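A.B. asks: One structure follows; several queries about it will come next.
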Amino acid sequence: MNSQHSSRTDVTNTTNPAAIEQLKEQRFNEKNLIIYNPPGVNDELSARFLRSLAFSTFKRRSPAFLRDLIIFLQDREPEIIEQCGDYAHFDLKRTIWSLELLREEIINNKEFQLFRVKAPDTDSWNTFLKGLGEDRRQWFSAVWLHADCYLYRRIWSIFQRSESLAKYDYFGDQKTSAVTNVAPLMRDILVSTKGIARSEENFQYLLKLSAWANHGDLSITRRGAHDKIYKQMAKYDIDLLADQSSDVWKDLTEASAPVYVDIVCDNAGFELFADLLLGEYIIEAGLASRVRFHVKAIPWFISDCTQRDFDWLLKFFRKHEFPELNSFSKRIRGYIRDRSFILCDKSYFWTSGHDFSQMKRVQPCLYVYISQAALVIFKGDLNYRKLLGDINYKPITQFSDCLRGFQPTSVCALRVIKSDIYCGLPICTVEKLTEQNPEWMITGDKAVVQVAIKHRLSSDIIV
Ligand SMILES: O=P(O)(O)OC[C@H]1O[C@](O)(CO)[C@@H](O)[C@@H]1O
């Protein structure tokens, strides 16, 4: 037996529940060839590594999250019926049953299934799944990124099976209630940033605000936005482990017209607010003539922004009692009307299992589309994992070297670090942080602003 794998369990007769649990876990690890070490350098993240966030995700977090979703659906049945019609009563039963089966599949490390329900991305998802190596098609053997994305696509397909629930956003309530609490914070930010002038410093402030706004996604914690960060941004620079915001400024100020900036959004609510504020500044400061927002086509990683969340936020602002929120909504609608802001057509690439190095091959039109921009900003942890292909690079590897050829334009990442991988960091920083807390990379206390600049020839410019 491979010495990295767990050693054979001693089957003893015990009645102690904790010991029984431990035995069960050991048996599971042996059966599924779980490796006791963390992922090695250049390994792809996977739940087959016992000491990884991926392992605890499928061992505990995802089953717990599915259980919570089931409880939520049971509790909300009357409201769901009111929203989706009487037939939802029967569809909910079937949906809950299917979610329970999915939970069992994860717990028992079953093989991924092909999708049967017809949707615009069914064929591409099935091609993707068929292309996975035979030993990479189970929850605890797959690349974490693939399994993680597959989970959210599976949940969606369960809801697609029933007519009454197909359009129901099962994460909608969590997303909307998280916004209500931060309305005063958003008002304060609007007041303090009102009419700020074009300057590198102000641009960096809004870029960092957009980065730190990624702090409060709902898939890991329910902590929401962290108001201290926005009030005392400079103090948090110490937690910004890589800060290339001045390179981003330089890239934009030197770009040839017409300048477009694309923002590949992450979470709805407060994070989207910070992205819109950054977009507004980019337009008003004349840094670009157009900002294009990319959102998710389906409910994704709980709090990710869909087109409906985008529209909902503008409506929420329009109807809010705070006049600052009303006028922000009005301004954003103005940018949408005059096409300074574009809410891009939904692309199912963002909710595929592919990492971004695959975009040119799998979705060439999207690749060409974002190539038109002078800068594309990728928000959040999951987008970062897709940029790196979930590969555990050496911490000192340059960000641009980790993109594996993905360079449609200058690529910027605004990420709060919430998972095992990172790059472009001095080794002494990593050693110090690890000494203080070996799990520093999953706490969401540190962030990065990184950019890989694409130096364009004038003949590259697409008009
Ligand atoms: O909203 P974000 O920043 O993409 O984070 C989503 C979370 O999902 C994961 O990618 C998987 O759970 C984590 O790494 C991350 O914390």
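The values are calculated or read from the model by the stated rules, or taken from the named source; none is laboratory data. Just so you know, these numbers come straight off a predicted model, no measurement behind them. Note that each Cβ is placed from the backbone with ideal geometry, even for glycine, and that neighbours are counted across all protein chains shown. In case anyone asks, the SASA skips ligands and DNA or RNA and just uses the protein heavy atoms, side chains included. Shrake-Rupley method; radii C 1.70, N 1.55, O 1.52, S 1.80 Å.
A.B. asks: Which trypsin sites (Lys or Arg not before Pro) does the range 314-419 hold that lie in a coil by DSSP with at most 11 other beta carbons within 10 Å?
C.D. replies: For trypsin sites (Lys or Arg not before Pro) across the range 314-419 that sit outside H, G, I, E and B with at most 11 neighbouring Cβ atoms in 10 Å, the list reads 339.
A.B. asks: Please work out how many pairs of lysine residues in the range 391-463 are eight or more positions apart (or on different chains) and have Cα atoms closer than 20 angstrom.
C.D. replies: On the way: 394/418; 394/432; 394/446; 418/432; 418/446; 432/446.
Going through the range 391-463 pair by pair, I get 6.
A.B. asks: Any idea how far apart residue 68 and residue 194 come out in nm if each label point goes 7 Å out from Cα toward Cβ?
C.D. replies: 3.7 nm
A.B. asks: How do the peptides 154-162, 17-25, 99-107, 259-267 rank, highest first, by the average count of neighbouring beta carbon atoms within 10 Å per residue?
C.D. replies: Numbers: 154-162: 19.1, 17-25: 11.4, 99-107: 16.4, 259-267: 25.4.
Going by the mean number of other Cβ atoms within 10 Å, highest first, we get 259-267, 154-162, 99-107, 17-25.
A.B. asks: Quick one: pull the percent of accessible area on the chain belonging to carbon and sulfur, 1.4 Å probe, ligands and nucleic acids left out. Could you put the intermediate results ahead of the total?
C.D. replies: Details: 10420 of 21040 Å².
Answer for the chain is 50 percent, counting heavy atoms of protein chains only.
A.B. asks: Additional query: DSSP loop chymotrypsin sites (Phe, Trp or Tyr not before Pro) in the range 35-71 with at most 13 other Cβ atoms within 10 Å of their Cβ, which ones? Could the numbers behind the result be given before it?
C.D. replies: Values: sites: 36, 49, 55, 58, 65; in loops: 36.
When the chymotrypsin sites (Phe, Trp or Tyr not before Pro) of the range 35-71 are filtered for loop state and at most 13 Cβ neighbours within 10 Å, 36 remain.
A.B. asks: Moving to a separate point now. When the Cα centres of the range 400-423 and the range 94-148 are compared, how far apart do they sit, in Å?
C.D. replies: After rounding, the separation between the Cα centres reads 26 Å.
A.B. asks: Among all lysine pairs in the range 30-160 that are eight or more places apart or on different chains, how many have alpha carbons less than 29 angstrom apart?
C.D. replies: 11
A.B. asks: How far apart, in nm, are two points set 7 Å out from the Cα along the Cα-to-Cβ line at residue 434 and at residue 235?
C.D. replies: Calculated label separation equals 3.0 nm.
A.B. asks: Please state the relative contact order of the range 388-463 as a whole percent: Cα pairs under 8 Å, 6+ residues apart?
C.D. replies: Working: 93 pairs, mean separation 31.1, N = 76.
That works out to 41 percent.
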